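**Student:** First the structure, then my questions, so here it is.
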Amino acid sequence: DNKYLRLLNLETRVPLKDWPAESLYIISTPGGGLQGMLGCRLEPDCRLVLAEDAWQRAIAPLLQHHKHMQPAKGFGFWLGVGVACCALVASIIFYSPVMLDEVARAVPRSWEETLGTYSANALTEGHACKPNAIADAGLQRVLKALDKRHGDFHVYVAEEDEVNALTAPGNNMVIYSALLKLVKDQGQLTAVLAHETGHAYYRHPLRSIVSALGARILLTIATGNSGFATDAANAADQLAQMGSNRAFEAQADAYGMQALIRNGIPPTYLGDFLKLMPDLMLEKEIPEWLLTHPNTDHRLQLMHEELVKNPPHLPPGPVKQMFTEQEWQALRHYCGDAKPAK
């Protein structure tokens with residue numbers, strides 16, 4: 001009857017809850033192969049992500065009867081746009097980490113979530129792996145332990161030969177299958193996740209995108225411009241290059257080590273993983289200023305200096321295992337049994 005949107009359990013089809021139509025609002029509409037996002041004023045922490053076909057089937061009929069689902073952009077909204085853009089201009093003129101922090105703070109969380117969802121989908125489009133309930137449950141639990149401030153992360157796993165993990169704005173994280181096959185033990189994978197939560201903590205993805213793409217990316221989110229899909233793809237490209245920012249990587253390394261220590265895990269696991277990276281030997285032959293990313297030896301040296309200066313106090317006995325054995329095996333084979341990266 002177009003008075004509410006009913007959410008069902010995907011497997012059992014049992015109704016989970018009804019969202020009244022008058023409480024719904026559109027965060028972003030689908031387009032260009034990217035998903036749309038819907039919010040509910042009764043549950044401000046919840047987001048419903050829908051593919052274009054589901055949007056047309058379930059949301060379009062509601063739109064015809066409830067035009068208010070797209071919230072009006074009043075004075076306060078445009079004031080926020082103005083503040084964000086002014087801060088952005090200032091950061092371009094007086095580029096500094098402090099100014100980028102001000103820009104990040106001025107960007108509403110809903111914009112950041114929209115940008116992150118679209119960017120993560122663009123990064124994994126065509127090679128995303130099917131969700132694995134056991135592995136996903138383990139990832140969520142460990143990420144919460146590493147970063148309790150941000151709550152749930154939306155983790156995407158993609159079949160990819162590149163050894164990498166990326167953090168997108170709005171608690172979105174992309175992990176490539178080659179990384180899951182390269183890590184030697186749970187400690188190394190936990191260290192990678194700890195490093196990525198450092199990027200989320202400092203809002204590095206948003207700061208990187210804003211710095212590279214400027215006011216256009218903010219205005220397309222704010223106005224719902226149809227060109228957002230293209231800008232989101234550009235944002236995804238920028239995320240893939242975020243590792244070139246030495247300051248961001250150093251901050252994420254430091255945060256990651258502290259997150260490991262808080263959970264009783266030796267921070268040296270992060271360095272152990274970095275030593276496995278396939279391009280480490282090539283780095284040794286090239287000056288750091290010619291590299292497109294921070295020199296691994298330099299990162300390892302900074303980590304060592306920090307641990308000498310502030311040695312961690314860890315509980316005696318075996319190293320804590322963050323994943324169950326079942327979760328660990330599910331993660332190692334998340335995308336199947338393709339050959340591991342060399």
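The values are calculated or read from the model by the stated rules, or taken from the named source; none is laboratory data. Since we're looking at a predicted model, the values are computed, not measured. Backbone-built Cβ (ideal geometry, glycine too); neighbour counts: all protein chains shown. Protein only, heavy atoms only, side chains kept; ligands, DNA and RNA dropped before computing areas. Shrake-Rupley method; radii C 1.70, N 1.55, O 1.52, S 1.80 Å.
**Student:** Quick check: with the 1.4 Å probe, what order do Val14, Val210 take by accessible area, largest first?
**Tutor:** Highest to lowest solvent-accessible surface, that is Val14, Val210.
**Student:** Then there's this: Would you check the accessible area of Cys46, probe 1.4 Å, heavy atoms only, in square angstrom rounded to 10?
**Tutor:** My reading of the accessible area for Cys46 is about 40 Å².
**Student:** Let me ask another. Heads up, I need the accessible area for Leu300: 1.4 angstrom probe, whole protein in place, Å², nearest 10.
**Tutor:** 40 Å²
**Student:** Between Ala51 and Lys184, how high is the FRET efficiency from 1/(1 + (r/R0)^6) when r is the Cβ-Cβ distance and R₀ = 41 Å? Nearest 0.05.
**Tutor:** Once rounded, the FRET efficiency stands at 0.65.
**Student:** Right, something else. If you roll a 1.4 angstrom probe over the protein chains with everything in place, what fraction of the accessible area of the stretch 126-197 belongs to carbon and sulfur, to the nearest %?
**Tutor:** Exposed carbon and sulfur together represent 52 percent of the surface.
**Student:** Determine the sum of side-chain charges near Arg141: Lys and Arg each +1, Asp and Glu each -1, restricted to other residues whose C-beta is under 11 angstrom from that of Arg141.
**Tutor:** Around Arg141, the charge tally is -2.
**Student:** Now a separate question. What pairs from Lys181/Lys320; Lys130/Lys181; Lys130/Lys320; Lys275/Lys320; Lys181/Lys309; Lys184/Lys309 go past 24 Å between their alpha carbons?
**Tutor:** Beyond 24 Å: Lys130/Lys320; Lys181/Lys309; Lys184/Lys309.
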